[in-house]
Each structure stands twice: as C-alpha cells, then as structure tokens.
Amino acid sequence: MGPLTCIEYLSIVLDTDKLEARLPANKVERICKFIISIIQKSTCTKRELLQLLGHLNFASRVIVPGRSCVSYLIKLSTKVKELHFYVNLRKEARVDLDKYIDCLIETTCIVAFFAFLRCEEFTVMNVDKFDPLTKLCIFDFILKTDYAILRLKESKTDPFRKGIDIKLFKIDHSICPFLALKRYLSIRHSVFGIGFPSDPLFITGNREALTRPFFLVKFKNILELCGYDPNLYNGHSFRSGAATSAGKARVEDHMIKVLGRWKSDSYCRYIKISPTSIKYAQQSLTES
C-alpha cells in the first residue's frame, strides 16, 4: 500500500490534500444526536451534562470556536455534587448548545453561497408559513454520483413558477456544497429518521422549518465569533457575495448570469467593487 493523504488517527481525520483536521462523519452524527436530545429537555442529570461536555471538548480539538461555547455548561455542571442530581437547562445553556450546532452544521450557508440563493428561497418567515408547494422539501433534493440537484419551485426570477433545477457539483475544496448536503442529510436521517418527502429540507432542532429570523440570528452570531461586523451582512449577502466572488475569479459574465439565474444584466449591481480595483482600472487607462 502506497502513502496516504487522508488518515484517521485517534478519532480525528487528518487530510494533507485539504490541509485540514476534521471529525469523522460518524462522530459528528453522534455529537449532533446527543446535543439535540439535551436541547429538548428542561432538566438533565449531571452525568448526562458531563457526557455532553466530553463530546464537545473532544470536538474542540478541531473546532476551535467550540471552546468558547461550553463555558456556561462547565459552570452549570458544578452546581450539583452527585452524578444523579438534576440541573436546570436554562436559556443560557440552550444558547451555548445552539452556537455549537452552528459550528457543526454549516450546510445552509454553503448551499446559499454556491447556489446564489436569496434568503427567502431556503427559509420561511414563520414556521406556520411553510408551504410544500412552494418551499424546499426533501423531495426537492436529488443526490447523484458527483453532484446534487436542488429543485426551486419558485423564485423572484421565475414569476410563473416553472421551477428550476440547480446543480451543485462535488468540487476539490474543503468547502464543497455537494459534500455539505450529503453530510447534512446523513445526520438529519440519523437523528430524525427519513421523514416524509413533503417535509422541509432544512429544519431546526425541533423539526420545524428553518425560519428567516432564526437563520439570521445564527448567521450573525457566527460572523461575530469570526471577528466580522454582523451589521454589514444580511440574508442577501450570500447571493451578493457569490456574484462578487465570481467577478473577482474572472468568471465570464454570461456564466454569472446562469449561476445566479438572472434574466438581465441586473447582476452587476450585486458585485462589490473595492477601491483597490477601481485604482487598478484607472491605472490601466494610462497604460493603454
């Protein structure tokens, strides 16, 4: 057997091709399942809380922001002496767990970016507003060998609701929409079961459709943890950011229109031009 570029050592995957260390998929599934089981409770024993902390501390070896999300849980575990004593899981504990879930579940952000999605195309305003006839459902997702298909039943650029298939390919990068969706569905099925075809594709821990307010709160929490000003971003940032990134990568104009499903040149207003780029363009005028 020749040399390997990806091995699992002490339950951590070391990948020299992607230059990253990550948790194995089965480990991620087990942690997510344990977190959700705790979130759904109002109380738990000290033993259960310490088991959860053990999982989270191990995952923090490769998910560094996770360490900042368990401080309250550690303090909570010291409130009682015996392992069989119960502790109350107040709002602070749930916030810690929610932040950690945000670190583990990145699928929505990745898909929104690569699919040039508007926020309303993958979220609902309220859970009771979910309509399987117009919103993303499980049956709107098809997994192929090297790409996935998302079926948008309606969008701003599809006023007659003809529907459009968005292909998300498997790419050679640590941020891959195909692999993110595949992993998300695997975790979802292991925690909630297969579900019905008309169930929402993206759901929260209580099995309800992902809402716009919930998503934006989580999204801005992550931005703040990463050192970005959350006030500069909103639900449209993925579509705008994807167009800007495509422009910087010198993707041809017609391809940007295809990726973003634009019918006209209106996509140009989404591309953010930096002062450096403007300076370079003006400098180029003197050299022509």
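The values are calculated or read from the model by the stated rules, or taken from the named source; none is laboratory data. Quick caveat, the model's predicted, so the values are computed rather than measured. In this analysis, Cβ positions are derived from the backbone assuming ideal geometry, glycine residues included, and neighbour counts consider all displayed protein chains.
Below, the figures for the structure above:
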| quantity | calculated |
| --- | --- |
| Residue satisfying all of: in segment 248-258; touching a Ser or Thr at 6+ places or on another chain (Cβ under 9 Å) and assigned to a helix (DSSP H, G or I); farthest from PHE116 (Cα to Cα) among these | LYS248 |
| Qualifying residues in segment 119-156 (those that are among the aliphatic types (A, V, I, L, M) and part of a helix (DSSP H, G or I)) - the one farthest from SER264 (Cα to Cα) | VAL127 |
| Residue tally, condition without any contact (Cβ under 8 Å) to a residue 40 or more places away in the chain and part of a loop (DSSP other than H, G, I, E, B), over segment 197-221 | 2 |
| Test: residue in segment 190-202 that is among the charged types (D, E, K, R) and out of contact with any Cys (no Cβ under 9 Å at 6 or more places or on another chain) | no |
| Residue that is modelled with pLDDT of 85 or more, surrounded by 12 or more Cβ atoms within 10 Å (Cβ to Cβ), closer than 30 Å to SER37 by Cα and not acidic (Asp, Glu), where the choices are SER245, SER186, SER237, SER198 | SER198 |
| All strands (runs of 3 or more DSSP E) inside segment 1-118 with 1 or more residues being out of contact with any helix residue (DSSP H, G or I) (no Cβ under 6 Å at 6 or more places or on another chain) and at pLDDT 85 or above | 6-9, 12-15, 43-45, 86-88 |
| Scan of segment 132-151 for residues that are in contact (Cβ under 8 Å) with a residue 60 or more places away in the chain and touching a helix residue (DSSP H, G or I) at 6+ places or on another chain (Cβ under 6 Å), ordered by number | none |
| Top-ranked residue of segment 157-186 - restricted to ones that are within 13 Å of the chain's Cα centre (by Cα) and of a type in the set (A, V, I, L, M, F, W, C), ranked as farthest from LEU259 (Cα to Cα) | LEU185 |
| Some residue of segment 120-127 being modelled with pLDDT under 85 and surrounded by 13 or more Cβ atoms within 10 Å (Cβ to Cβ) | yes |
| Filter pass, ARG269 being at pLDDT below 85, surrounded by fewer than 13 Cβ atoms within 10 Å (Cβ to Cβ) and at negative phi | yes |
